[in-house]
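*Asks:* Take a look at the following structure, please.
Values in this text are rule-based calculations from the coordinates and carry no lab data. Since the model is a prediction, treat every value here as computed from it, not as a measurement. A quick note on method: Cβ atoms are made from the backbone with ideal geometry, for glycine too, and the neighbour counts reach across all protein chains shown.
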Amino acid sequence: MEKVIESNPPKRKRRRFKIKGTSIFIFVMLFYPVAHFLLMWFGVNINSILLTFQTPVKGKLVWVEFKELFYNYETLFLSFKTSTVQSMLKASGVYFIISCLITLPISLFFSYFIFKKIVGNSFFKVIFFLPSILPLIILTLVFSLSFSPNGLMAPILQLFGQKADLFIGDSAKWMVWFFCIWAGIGYDVILLTSGMSRIPRDVLESCKMDGVPPMKEFFKIIIPLTWPTITTLFIFGMMSVFNVYLQPMFLTSGMYDTMTIGLKIYQDSGGSALNTPATLGLFCSLVATPIILTTRWGLNKIYGDVNY
Amino acid sequence: MAIINYFKNIFHKKKMDRLQAQYERKNDILYKRHKGEKVLFIVMFIVFVLFAISFIFPFLWILMNAFKTKSNFSSDFLGLPTKWVFTNFIEAFTYKSASTKNFTIFQMIGMSCIIAGLGTIVTVFTSSCAAFVVAKYKFPGRNLIYGVVIFSLIVPIVGALPSQIQLMNNLHLSNTVIGCIFLYSGGFGSNFLLLYSSFKGLSWTYVEAAKIDGASDFKIFFRIILPLAKGPLIAVTIIQLIGLWNDYLTPSIYLPKKPTIAVGLKYLSDSMILKSNYTMLFATIIIALIPIITIFCAFSKTIMENTSVGGLKG
């Protein structure tokens, strides 16, 4: 009996120590990531909201007066009536068509053939990987140099009577869009092929045994089973309306109707009047969030959860 | 001799693997095609070849012209060089001007090594710390952390940049290498999700055995968990390294005076185009391609097998 009483206290001590040790471990491991997240996500986003209620006076941001609390928003809404902002909104909106309605369907179709191991698929996969691994500046340089009047494409362009620089004037925006499709296909194909590679082999085998034609297999089997990846890429495509800025910046410096919301925010962030890009950004977030979340919810509803 | 044998073995193994794959493919029911299907696949093959040409030819054209003299390029921009010269590469290595912040391409690559290298190490470490604890330990707030992280990745935030710039200025981290690395060092990005799922699938048996032997949690993490998760960690590291190497946004805003290669290449190209020195620009592009192509060739299998949504930025 005495022995039992003696052996109890050290046991409790050890247990307490263990819990304490694990708690310290959890605290130490999470401290920096959580602190960083709180500062750089919550802090930054709260500060973004606060910035929309400030205005620059002599190069310094000060709070707006209470009677003019929504001064920045009013200025933003007024700017929507100007032709430059309207052109910017239109140019940004086009990226929804480019990303979601052109690049994504083409990529989906291409991915199917890569997934079905078309002859040379390993080589083509490397080609499709190039836009993901190369810096965008290199891709845009190579693209713009190739289409310059002294470029690789010059003889072909001359056949169509095109001798001028395509990155100047009305053709500039078409070149930016063409670049986005050309480079965007590779990025989407890689992610879609990776999504398709998770489809179980027996499903495809039974399709083959039943003699399902390729296009029927594509629409009835491949698309529903790759739906989560397609949904994510569709959402990414919708986000590009607000995010695209490097392509027009590198190719046309945002001129010739190629200015986008993302580029405008990037350029204006270089100045001292940070309230203007912050207000535009917050307004876009408020507009984008419900649209994108609803779209995501709707798209997820189409085929439901894919479990295999 | 041993090195030659080593490479011989590697090439032999690769050849055998290729033959095996070819044999398997030939006899696989999944890849047996009817006549109509064959036509469709031939058409698509031609489309893919054209697409591949559209990617390869511009780079070959740039490579070829990098070996031309200025006059040779202006007189014939499509033909082969009349005389193959390396002066463009030599000049490109030492070229600097006020618009390139007096940085040569070599120094820019050095800056990229420091920033992308350190940034990758720090972010992969913080992500693995956070992912391991959230995936494997039960503590109050665990679900909240996971939920908030997912929420932050789903909600589209547009234009947080002005606020971030203000915050970084207030913290006196702008124009510093530390500032850039600090921005990259977050542990709750897409890396967190990738590592979370791989840690979640790790067996807990080794950990239990180590706990019985009296190992501390830190020792378990460093000595057991990290070696066990070596595969996913290497994949995440390489993908992150490529992402940070190519990143333009952060260094262009927070380190404009010490350009990394992604930012510096813009400075170099603007400056060279202004001086109409295209042949040197071609050589510069080729030099800038070498590090990234080397990484891709060395780790192509790891990169291609581990790319998933959110894992690799374009």
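*Asks:* How much net charge surrounds B:TRP61 when only the other residues with a Cβ under 13 Å from the Cβ of B:TRP61 are counted, with Lys and Arg +1 and Asp and Glu -1?
*Replies:* 0
*Asks:* If the cut-off is 16 Å between C-alpha atoms, which aspartates and glutamates fall inside it for A:LYS220, apart from same-chain ones fewer than 8 positions away?
*Replies:* A:ASP202, A:GLU205, A:ASP210, A:ASP305
*Asks:* Is there a quick way to get the dipole size of the protein assembly as shown? I mean about its Cα centre, with the Cβ of Lys and Arg at +1 and of Asp and Glu at -1; what is the value in debye to the nearest 20? List each step's numbers first, then the result.
*Replies:* Details: 57 positive and 27 negative charges, 373 e Å.
Here the size comes out at about 1800 debye.
*Asks:* Can I ask one more? Based on the alpha-carbon gyration tensor of chain A and its eigenvalue square roots a ≥ b ≥ c, which shape applies: rounded if a/c is under 1.5, prolate if not and a/b is larger than b/c, or oblate?
*Replies:* oblate
*Asks:* On to the next question. Restricting to Cα pairs below 8 Å that are 6+ residues apart, what does the relative contact order work out to for chain B? Please round to a whole percent.
*Replies:* Details: 273 pairs, mean separation 83.3, N = 314.
That works out to 27 percent.
*Asks:* Can I ask one more? Once Rh is set to the Kirkwood radius over Cα pairs, what Stokes-Einstein translational diffusion coefficient, in µm²/s, holds for the protein assembly as shown at a temperature of 25 °C and a viscosity of 0.890 mPa s?
*Replies:* This corresponds to a translational diffusion coefficient of 90 µm²/s.
*Asks:* Same structure, new question: For region B:102-306, with the dipole built from +1 on Lys and Arg beta-carbon atoms and -1 on Asp and Glu ones, taken about the Cα centre, which of B:LEU265, B:ILE181, B:VAL149 lies farthest toward the positive end?
*Replies:* Of the candidates, B:VAL149 comes out farthest on the positive side.
*Asks:* Specify the inter-centroid distance of region B:255-278 and region A:236-308, based on alpha-carbon positions, in whole Å.
*Replies:* The two parts, judged by their Cα centres, are 27 Å apart.
*Asks:* Shifting gears a bit: Just rank A:VAL57, B:VAL236, fewest to most, by other beta-carbon atoms within 10 angstrom. Intermediate results must be reported in sequence, preceding the final value.
*Replies:* Values: A:VAL57 8, B:VAL236 26.
Lowest count first: A:VAL57, B:VAL236.
*Asks:* If you don't mind, another one. Cut-off is 10 Å between beta-carbons; in what order do A:SER148, A:SER79 appear when sorted fewest neighbours first?
*Replies:* Numbers: A:SER148 18, A:SER79 15.
In order of increasing Cβ crowding within 10 Å: A:SER79, A:SER148.
*Asks:* In whole angstrom, how far apart do the alpha carbon centroids of region A:63-111 and region B:192-246 sit?
*Replies:* Using only Cα atoms, the two centres lie 42 Å from each other.
*Asks:* Another question about this same structure. Just to be sure I understand: with springs between alpha-carbon atoms less than 10 Å apart, which residue in B:LYS219, B:LYS230, B:LYS13 has the highest mean-square fluctuation in the Gaussian network model of chain B?
*Replies:* B:LYS13
*Asks:* Let me ask something else about it. Could you check which residue among A:VAL176, A:VAL241, A:VAL212 shows the biggest mean-square fluctuation in a GNM of chain A with a 10 Å Cα cutoff?
*Replies:* Fluctuation is largest for A:VAL212.
*Asks:* Give, to the nearest whole percent, the P(r) tail of region B:1-153 beyond 25 angstrom, counting all Cα pairs.
*Replies:* In whole percent, the long-distance tail amounts to 73.
*Asks:* Pairs of alpha-carbon atoms within less than 8 angstrom and 6+ residues apart define the contacts here; what relative contact order does chain A have, in percent?
*Replies:* 27 percent
*Asks:* What is the sum of charges, Lys and Arg at +1 and Asp and Glu at -1, for the other residues whose Cβ falls under 14 Å from the Cβ of B:LYS70? Please list the in-between numbers first.
*Replies:* Numbers: positive: B:LYS68, B:LYS83, B:LYS275; negative: B:ASP76, B:GLU91.
Combined, the nearby Lys, Arg, Asp and Glu give +1.
*Asks:* If you don't mind, there's one more thing I want to ask. Using a/c under 1.5 as the rounded threshold, could you call region B:102-306 rounded, prolate or oblate? The axes a ≥ b ≥ c are square roots of the C-alpha gyration tensor eigenvalues, and prolate needs a/b larger than b/c, oblate otherwise.
*Replies:* Because a/c hits 1.5 or more and a/b exceeds b/c, region B:102-306 counts as prolate.
*Asks:* Working from the alpha-carbon coordinates of region B:15-94, get Rg over Rh, Rh being the Kirkwood radius.
*Replies:* Using only Cα positions, Rg/Rh for region B:15-94 is 1.28.
*Asks:* Next up: List the lysines whose alpha-carbon lies under 24 Å from that of B:LYS219, not counting same-chain residues fewer than 8 positions away?
*Replies:* Cα-Cα hits under 24 Å: A:LYS11, A:LYS13, A:LYS18, A:LYS20, B:LYS136, B:LYS138, B:LYS200, B:LYS211, B:LYS230.
*Asks:* Below 23 Å, Cα to Cα, which lysines can A:LYS90 reach? Residues fewer than 8 away in the same chain don't count.
*Replies:* A:LYS81, A:LYS173, A:LYS264
*Asks:* Fewest to most neighbouring Cβ within 10 Å: what's the order for B:ARG142, B:ARG18?
*Replies:* Going from sparsest to densest Cβ surroundings: B:ARG18, B:ARG142.
*Asks:* Another question about this same structure. Counting only pairs 8 or more places apart or on different chains, how many lysine pairs in region B:15-94 have C-alpha atoms closer than 20 Å?
*Replies:* 5
*Asks:* Across the Cα atoms of region A:88-216, what radius of gyration and what greatest pairwise Cα-Cα distance (Dmax) are found, in Å?
*Replies:* 18.4, 56
*Asks:* Tell me the net charge near B:GLN107. Cut-off is 11 Å between Cβ atoms, B:GLN107 excluded, with +1 for each Lys or Arg and -1 for each Asp or Glu.
*Replies:* +3
*Asks:* Now for a different question. For the protein assembly as shown, what does the helix formula give at 222 nm: sum of -39500 (n - 2.57) over DSSP H segments with n ≥ 4, over the residue count, nearest 500 deg cm²/dmol?
*Replies:* Values: 29 runs with 428 residues, N = 622.
Counting only the DSSP helices, I get -22500 deg cm²/dmol.
*Asks:* For region B:235-312, compute the number of Lys pairs whose alpha carbons are separated by less than 23 Å, excluding pairs fewer than 8 positions apart on the same chain. Spell out each step's value before the answer.
*Replies:* Values: B:LYS257/B:LYS266; B:LYS257/B:LYS275; B:LYS258/B:LYS266; B:LYS258/B:LYS275; B:LYS266/B:LYS275.
Lysine pairs satisfying the spacing and distance rule in region B:235-312 number 5.
*Asks:* OK, next. With springs only between Cα atoms under 10 Å, which of A:ILE138, A:ILE114, A:ILE190 fluctuates most in a Gaussian network model of chain A?
*Replies:* Its mean-square fluctuation being the largest, the pick is A:ILE138.
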